[in-house]
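The values are calculated or read from the model by the stated rules, or taken from the named source; none is laboratory data. From a predicted model like this one, the values you see are computed outputs, not experimental measurements. Here the Cβ positions follow ideal geometry from the backbone for every residue, glycine too, while neighbour counts run over all protein chains shown. For the accessible areas, the whole protein counts, side chains as well, though only heavy atoms, and no ligand, DNA or RNA atoms are used. Shrake-Rupley method; radii C 1.70, N 1.55, O 1.52, S 1.80 Å.
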Amino acid sequence: MTTDELEQLLAQQPVALLHRLARGRVHRHFRAGKRRLIELLLQHSSQNRAGLESDLETLIGERHSPLGSGSPHIHRAPAITPKKASPRGAEPESAETAVSLSAWLEGLGVPSPQPFVPDPWQNEALSALNEADVVISVPTGSGKTYVAVEAARRAMEDNRTVIYTSPLKALSNTKYTEFSRIFGPDTVGILTGDRQENGQAPLLIMTTEILRNLLYDAASGEIDVRLDTLGLVILDESQYLADPERGVVWEETIIFCPSQARLLLLSASIGNPQDIADWLTSIRSTVCRLVRHSKRTVPLRAGYLHPNGKLTPLFKTLGIPYGHPSHLHPEAKRLFLEYEEETLPTGRPRR
Amino acid sequence: MPPSIHPVDLITALRQKHLTPAIVFLTSRRACDDAMETFDHADLLLPPARQEAIDVALERITVQHPSIAEHPLIPIVRRIGIAAHHAGHLPSWKIAIEELMRQGHLDAVFATTTLAAGVDFPARTVVITQSSIRKSRDFTDLTIGEVQQISGRAGRRGKDHVGFAIVTPSPYIDLAVLTKGLTGQPEAINSQFTISYPMVLNLLKAHPHEQIQGILAKSFAQFQLNQRAELLEQKLDAVHVQMEPFGPRVCTDWITQWHTFDHARRHRHTRHQTHRSESPEISARLPFLTPGRVVGLGKGRGIVLRQYRSKGQKNSMLTLLRPDSAVTECPVTSVKEVYDRTYDCTETPTYPWCSTETFDRLSHQLAELPSHLPVLPILVPLGFEPLPDAIIQSLGDFPCPTCPSRPACQKDFTTASRLRQEQQRHTKSIQALRTSLWHRFQERVEVLQKFGYLTPATQLTIDGEWARLIRIDHSLLITELIRAEAFSGADPSLLAGVLASLAHDDDRPGAFPRISPGLSSLLGQVRKLAESLSPYEDPPLLRADVAALVERWVSDPALTWIGLCRLTTMAEGDIYRLLARTLEFLSQVQALKSTHPGLAESASQAITLIRRGVLEELP
Ligand SMILES: Nc1ncnc2c1ncn2[C@@H]1O[C@H](COP(=O)(O)OP(=O)(O)OP(=O)(O)O)[C@@H](O)[C@H]1O
Ligand SMILES: [Mg+2]
């Protein structure tokens, strides 16, 4: 195969295949667009041309094997198709079903003020807390703070103390301000590694590491009296459990959390919240209830903005087509292909 | 066509379509600052009323956070109603921007993805310009969860009917990652449980050794390991059922009998060959050069992906993963060292001989390897002689010529043997899943015993009693330094400098003040100790330059914040974080007052000296 032939063959392949081919050959291949990828692959092939060709054939073979032939995207490539084929003609899209830009932009604006009514899931979480630990997994911006605040209020009305932890000092500071405004400055304290403000307050804010250290000190006999009256521990942003460096701290905190205190885990949407709840149920004296939903409270629409300033919907549908990543708007698809074609390998303008 | 949209055009387009306020996520702090600069000459002024509103709001924030009063970015922010928000800024400035955004004074904020987590910072629109982010030293694709955290900032409850996530391409974008992220289910999360030295000491302080296994069993790590073990147990049960027809026959263990025979018969021919071409040293290594093994080569290191024989090559060959995800082939003879380290490797029959997940993970692990790795001791059998052919010949073609069960055994052997291997493999894996945490704990216990923090009976020694209070990264190095009295008589600025170099884990280069001779020699001592501890704890970066910066801040109380910032090319926010992390480390040392009063006093002085200016504004 000549270099030109190889280049043409590569150009006929879908980007996904090129990325697979580039794995182990091209550093950071996932950052490259199609053109750039081909260029880099060709560069690489000067070292091991035969290997590249044979792997390419294997991959093409896999795509065309009977297993894959059900996929609509395969164009069983004739030996060599003219390379300058217009990207427009790639796939006839049912353009008439795609949402229009004006419809997509419609309905944007500010809703009229509504009295605050808790969402059903917020009430559900609060009543579940009466007899169980609770894991909440809902999308970003749903209103987890409301549950934390109400739960803290109820615990304090019961003469119990509350600890609220967040992963970041910045977030702790924000919550300190926010909670002080809600409950009054005397009710809220904050603990950091080297400083305490209002450390005897019934509602204490700290990072999860500080709480973990408190629990270790308590376990080894340097009893902090306050742990006896501890009624509620709130762990915000609990998806940090999966953080490679710090995740272990969340596990330690949960394992050593005093059994008389309720645990409330607030987490963004994750794939396996039921596992977390089951885990808590398996190690703690109370059961753990899961409150989850994945529907955003404010609906989301996705758009595509071309570098020349042209805006179009990203998907065919008005909302996000959950489960269907390929339902792109034909206009967005066309523009993006054009973009990939026109940006030079180095990512700088052609001219 | 430009590679990405000009920031001024972007904002104009968003304003025109009423898509503001917006958060524009950019790849780097640099990109955010550059974007701000493009507005210098743009004709995009806010109406005077809005400019005044920003003044009023900022004044109110300044009361709490005086450090923002003279902030150089204030004029541009009030003029155009647009700001940047990233980790290079002081926390107080970030708080100010968040507050302005919350009150609706800003039209757009250029931010890095660090903003995506936790901060209540919503907007009508988010603009996404990238599909990968820098994690430690490499770029990785955004996960579905991350895309949803980012896009989740769009649409404010009570202020928007709908939110918008707008993708605009840049040379770094892979559209498929984003469409998958927007439409997909977030990934399941997995435990990242690790057993650290302070964890072991604290557990053993509070609980007798025999209870620890039960405590480790409560981890999410074990919960997930058990899930995997249960799946394997189901498979094992299925294998048991399949094995039923192959129970005891004339000889109880007929499968082993056949296996032994089969093995001998099969190796009769090849035995000679393999030993002819390879020296004893090389062939002793071969069993260890399995996929996932870390090896040292003439230059650099690699991870074995497969071992194979190739026609025309005298020696066995290896496919190796090298730095920067390169894949190379080489004969086993070019391996200089076989290290005592292997990683899991899911093998596949085609290039690159392992699954893509494995490949990406191994590339990462290879890049993250510590500079020192223990070498695997390999025994070379001297004068190894293969079994004389005569013995093998005497086995004949079949071991049990007169047995009545022979035809049945001959027929069933292949299936039975495969099932039994599967059974043994599952049993072993289940065992490993159930006990791996405990083994890791025991390994740590042994190290702590070796260093004298634990008695042979796993009680805390006098040193163990205080060492358990050091619960930060590099704890072993820090406690060993304290035991070696490295800090005795050191003044607060030296102590703070050393702890700063331990606390700082960023490898971004920069220009810094000169280091004092005292600190320099102390750091030399730390480096030496860190190297000798490297089999037990990954050594820190130990940047002398950041140590010098912190030393200056502590030793010169007249130095102002601006003065400190001028000494270095580091961003304000980074200096702040460096000092804040150093404070955390110092406060752990301060906790040793009862056993090391002098050292604790020095730490507490350093804390007081660090906490001035901006560092006093926030708890
Ligand atoms: N029931 C409700 N009705 C109307 N608005 C609500 C309701 N609950 C919460 N909100 C508002 O929703 C916004 C987002 O809430 P909040 O910050 O608690 O979200 P979150 O779930 O913690 O998000 P994040 O993932 O960012 O931490 C807040 O402004 C809050 O006042
Ligand atoms: Mg929140």
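When nucleic acids and ligands are ignored and a 1.4 Å probe is applied, B:Cys345 ends up with an accessible area of around 30 Å².
Inter-chain neighbour count for A:266-275: the average number of beta-carbon atoms from partner chains within 10 Å of each residue's beta-carbon is 5. Residue by residue along A:307-320, Cβ atoms of other protein chains within 10 Å of the local Cβ number 4 on average. Restricting the calculation to alpha carbons of the stretch A:112-164 gives Rg and Dmax of 12.1, 39 angstrom. Charged side chains reduced to their Cβ positions (Lys and Arg at +1, Asp and Glu at -1) give chain B a dipole of some 1440 debye around its Cα centre. Entry note, the protein assembly as shown: the mean residue ellipticity at 222 nm calculated from DSSP H runs of n ≥ 4, each adding -39500 (n - 2.57), is -14000 deg cm²/dmol after division by the residues and rounding to the nearest 500. Modelled this way, with points 7 Å down the Cα-to-C-beta line, the labels at A:Ser46 and B:Cys403 are 6.4 nm from one another. The P(r) of chain A has a tail past 38 Å containing 44 percent of all C-alpha pairs. 3J(HN,Hα) along the stretch B:98-109, derived from phi through the Karplus expression 6.51 cos²θ - 1.76 cosθ + 1.60 where θ = phi - 60°, amounts to 4, 5, 4, 5, 4, 7, x, 7, 9, 8, 7, 10 Hz, with x in place of Gly and Pro. Rolling a 1.4 Å probe over the heavy atoms of the protein chains gives the stretch B:140-229 an accessible area of 34 Å² per residue. Comparing the full protein assembly with the isolated chain (1.4 Å probe, heavy atoms, ligands and nucleic acids excluded), the residues of the stretch B:307-347 losing at least 10 square angstrom of accessible area are B:Asp324, B:Ser325. Compute the acute angle (0 to 90°) between the alpha-carbon long axis of helix B:197-206 and the principal axis of greatest extent of the alpha-carbon atoms of chain B; round to the nearest 10°. Rounded to the nearest ten degrees, it is 80. Basic side chains Lys and Arg get +1 at the Cβ, acidic Asp and Glu get -1 at the Cβ, and with that the dipole of the stretch B:469-617 about its Cα centre reaches some 220 debye. Projected over every direction and averaged, the convex hull enclosing the alpha-carbon atoms of the stretch B:469-617 yields 8.2 nm². For B:Lys411, A:Lys144, B:Lys311, the ranking by accessible surface with the largest value first comes to B:Lys311, B:Lys411, A:Lys144, using a 1.4 Å probe.
Only aspartates and glutamates eight or more places from B:Lys450 in sequence, or on another chain, were considered; those with a Cα closer than 18 Å are B:Asp463, B:Glu465, B:Glu480, B:Glu531, B:Glu537, B:Asp538.
Projecting the Cα atoms of B:His259, A:Asn272, B:Pro374 onto the dipole axis of the protein assembly as shown, where Lys and Arg carry +1 and Asp and Glu carry -1 at the beta carbon, places B:His259 farthest toward the positive end. Solvent-accessible surface, computed for protein heavy atoms with a probe of 1.4 Å, shrinks by 30 Å² or more for the following residues of the stretch A:12-59 when the other protein chains are added to the isolated chain: A:Arg23, A:Gly24, A:His27, A:Arg28, A:Phe30, A:Arg31, A:Asp55.
For the stretch B:494-554, the list of trypsin sites (Lys or Arg not before Pro) that fall in a loop by DSSP and count at most 14 other C-beta atoms within 10 angstrom reads B:Arg514. Pairs over the 31 Å Cα-Cα cut-off, from the set A:Lys333/B:Lys135; A:Lys175/B:Lys159; A:Lys175/B:Lys180: A:Lys175/B:Lys180. So in the stretch A:112-247, what percent of DSSP beta bridges are antiparallel if you round to the nearest 5? Roughly 20 percent of the DSSP beta bridges within the stretch A:112-247 come out antiparallel. Would you kindly give the portion of the calculated P(r) for the stretch A:254-351 that falls above 15 Å, as a percent of all Cα pairs? Considering the stretch A:254-351, 74 percent of its Cα-Cα pairs are separated by more than 15 Å.
The label-point distance for A:Leu337 and B:Arg309, in a model that sets each label 7 Å from Cα toward Cβ, rounds to 5.1 nm. FRET efficiency for the A:Asn308 to B:Leu376 pair, using the beta carbon distance and R₀ = 56 Å, is estimated at 0.45. Between A:Thr192 and A:Glu197, the built amide H atoms are under 5 Å apart, and every one of these is 5 or more places off in sequence or on another chain.
Normalised per residue, the accessible area of the stretch B:6-49 is 50 Å², obtained with a 1.4 Å probe and no contribution from ligands, DNA or RNA. Restricting attention to the stretch A:114-157, which chymotrypsin sites (Phe, Trp or Tyr not before Pro) occupy a DSSP loop and are surrounded by at most 10 other Cβ atoms within 10 Å? Hits after loop and neighbour filter: A:Phe116.
Seen from all directions on average, chain B presents a Cα convex hull projection of 38.5 nm². A P(r) calculated from all alpha carbon pairs of the stretch B:456-512, with 10 Å bins opening at zero, reads 18, 45, 25, 10, 2, 0 percent. Both radii are taken from the alpha-carbon atoms of the protein assembly as shown; with Rh as the Kirkwood radius, Rg/Rh is 0.98. Only lysines eight or more places from B:Lys311 in sequence, or on another chain, were considered; those with a Cα closer than 27 Å are B:Lys299, B:Lys336. Simple point charges give the picture: +1 on the Cβ of Lys and Arg, -1 on the Cβ of Asp and Glu, and for the stretch B:7-183 a dipole about the Cα centre of about 480 debye.
Label zone (A:Phe116, point 7 Å along Cα-to-C-beta; backbone nitrogen cut-off 19 Å) within the stretch B:144-187: B:156-160. On a per residue basis, the convex hull of the C-alpha atoms belonging to the stretch B:280-367 measures out at 91 Å³. Consider a paramagnetic label point 7 Å from the Cα of B:Glu616 along Cα→Cβ; state which residues of the stretch B:44-82 have an amide N under 18 Å from it. The answer is B:62-70, whose backbone nitrogens lie closer than 18 Å to the label point.
Just so you know, the averaged projected area of the alpha carbon convex hull for the stretch A:120-292 sits at 9.4 nm². A Förster radius of 35 Å, combined with the Cβ-Cβ distance separating B:Arg418 from B:Arg508, puts the computed FRET efficiency at roughly 0.05. Take each residue in B:200-207, count the other chain C-beta atoms within 10 Å of its C-beta, and the mean is 4. A DSSP coil position with no more than 14 other Cβ atoms inside 10 Å describes the following GluC sites (Glu not before Pro) in the stretch A:232-296: A:Glu245. Given R0 = 56 Å, the distance between the Cβ atoms of B:Glu244 and A:Glu53 translates into a calculated FRET efficiency of 0.65. Considering only B:Pro407, B:Gln227, B:His504, and ranking their Cα positions along the charge dipole of chain B that arises from unit charges at the beta-carbon of Lys, Arg, Asp and Glu, the one farthest toward the positive end is B:Pro407.
For the protein assembly as shown, the fraction of 1.4 Å probe accessible surface lying on carbon and sulfur atoms is 54 percent.
With each pseudo-label sitting 7 Å past Cα toward Cβ, what's the B:Asp473-A:Asp4 distance in nm, one decimal? It works out to 5.4 nm between the two label points.
In the protein assembly as shown, the DSSP beta bridges split such that about 40 percent are antiparallel, to the nearest 5. The stretch between B:His259 and B:Gln16 holds 79.7 nm of extra length on full extension. This uses 0.36 nm per residue minus the Cα-Cα distance. Ordering A:Ser46, A:Gly303, A:Gly61 by Cα displacement along the dipole of chain A toward the positive end leaves A:Ser46 in first place; charges were set at the Cβ atoms of Lys, Arg (+1) and Asp, Glu (-1). DSSP beta bridges confined to chain A are antiparallel in about 20 percent of cases.
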